[in-house]
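The values are calculated or read from the model by the stated rules, or taken from the named source; none is laboratory data. Every value quoted in this text rests on a predicted model; they were computed, and no experiment measured them. Backbone-built Cβ (ideal geometry, glycine too); neighbour counts: all protein chains shown.
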């Protein structure tokens, strides 16, 4: 599995929660996967709080990755392999 370099995500807007909690819990996350979910999601879902959920299949994980952004559709807030998602 890949391990994210701390500076890899410095080129993309992220929330403090993403930097301080998500990347600590999931060091295997890759910026390219998160960007792929934002650029070409297989599924997209808006939430009442304005955040946006986007899914992309990641072959390296053999799973779908759910990426949650703020209402701007770009700032990363959360990302994790989805257990239940089926397109």
Mind listing whichever residues of the range 68-84 are part of a loop (DSSP other than H, G, I, E, B) and at pLDDT 95 or above?
70, 71, 72, 73, 74, 75
Here the residues within the range 11-52 that are part of a loop (DSSP other than H, G, I, E, B), buried (at least 19 other Cβ atoms within 10 Å of the Cβ) and in contact with a strand residue (DSSP E or B) (Cβ under 6 Å, 6 or more places away or on another chain) are 29
Quick one: what pairs do we get from the range 68-87, first residue in contact (Cβ under 8 Å) with a residue 12 or more places away in the chain and on the phi > 0 side of the Ramachandran plot, second assigned to a strand (DSSP E or B) and surrounded by 15 or more Cβ atoms within 10 Å (Cβ to Cβ), C-beta under 6 Å, 6+ apart or different chains?
73/52
Can we say residue 55 is out of contact with any strand residue (DSSP E or B) (no Cβ under 8 Å at 6 or more places or on another chain), free of Cβ contacts under 8 Å to residues at least 40 places away in the same chain and either in a loop (DSSP other than H, G, I, E, B) or surrounded by 13 or more Cβ atoms within 10 Å (Cβ to Cβ) (or both)?
no
